[in-house]
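The values are calculated or read from the model by the stated rules, or taken from the named source; none is laboratory data. The structure presented is a predicted model; accordingly, all values stated were derived computationally and were not measured. Here the Cβ positions follow ideal geometry from the backbone for every residue, glycine too, while neighbour counts run over all protein chains shown.
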Amino acid sequence: MRLVHGSTLAIALALLVPAFVGAQGQGDSSRAVAGGGISAAGWTGKIDANAAKAGQTIKDAKLSEEGNVLHVTTGPAVTYWNPANKAAGDYTVSATFTEPKYMNLNDHPHPYGVFIAGNDMGTDQQSDLYCAAYGNGTFIVRGFGPEPFRMNGRSGESDAVHKAAGPGQPVTQTIALSVKGDKVECAINGTVVASYNKSELVTAGKLKSTDGVYGIRFSHNTEGTVADLKLTKP
């Protein structure tokens, strides 16, 4: 292998930098949303710890409400909730998410979905579990306990998850998390895509309980609407 010296090395490194940045993707750095903050009455939120350490705040993402539809634009990855929204025992939390222009704020898919089992919300001990869909037909089940933990890796696949026709095209997903006896299930567009024993989730380093606050979760640099967020009891 030929060694590169002096100015030739500098030129080579300069050429490599943009290639590396492109491989990482412009969507990997959290943007700041102009006019950000929370204007939906009764709602609050918390950005992920890595974004907070980088100096970002909840005002770098935006949550607004028109009628019964929430509009989210991120910014840093964020969890939003209304403290009055609590669930216990057996229940289902569901909502319909629309990404009106798939990947309009990023160069690769980012997920969004519902969360349940929220405890110590807004603190560094916050714990919760979320199921989220990507517009490319994959999904993720993940939580905080308070450190992040994954239940299905990064990209579970299911034919139930809708795929956008392409960048800039709309895609809609109805996502539900259910507690049923000793099971916790995620269903996307009416199909159960993941199921876990409650004992796998309510354990050291994960959830404190499946009872708790529920709400919504959006990854960074993503825009979408949330309709019909609701709690259903059996």
message: It is to be established whether one or more residues within region 158-170 are closer than 24 Å to LYS183 by Cβ, out of contact with any helix residue (DSSP H, G or I) (no Cβ under 8 Å at 6 or more places or on another chain) and surrounded by 19 or more Cβ atoms within 10 Å (Cβ to Cβ).
response: yes
- prompt: Quick one: is THR73 in contact (Cβ under 8 Å) with a residue 40 or more places away in the chain, under 11 Å from the mean Cα position of the chain (by Cα) and either crowded, with 21+ Cβ neighbours inside 10 Å or farther than 23 Å from SER178 by Cα (or both)?
  reply: no
statement: Inside region 35-67, the number of residues satisfying the requirement of being loosely packed, with under 13 Cβ neighbours inside 10 Å, touching a strand residue (DSSP E or B) at 6+ places or on another chain (Cβ under 6 Å) and either closer than 20 Å to GLN126 by Cβ or touching a residue at least 60 places away in the same chain (Cβ under 8 Å) (or both) is 1
task: Among the candidates ASP90, ASP120, ASP124, single out the residue that is out of contact with any helix residue (DSSP H, G or I) (no Cβ under 7 Å at 6 or more places or on another chain), charged (D, E, K, R), closer than 23 Å to LYS183 by Cβ and surrounded by fewer than 22 Cβ atoms within 10 Å (Cβ to Cβ).
output: ASP90
field: Unmet requirement for ASN50, which otherwise passes all of (1) modelled with pLDDT under 95; (2) under 30 Å from ALA165 (Cβ atoms)
entry: (2)
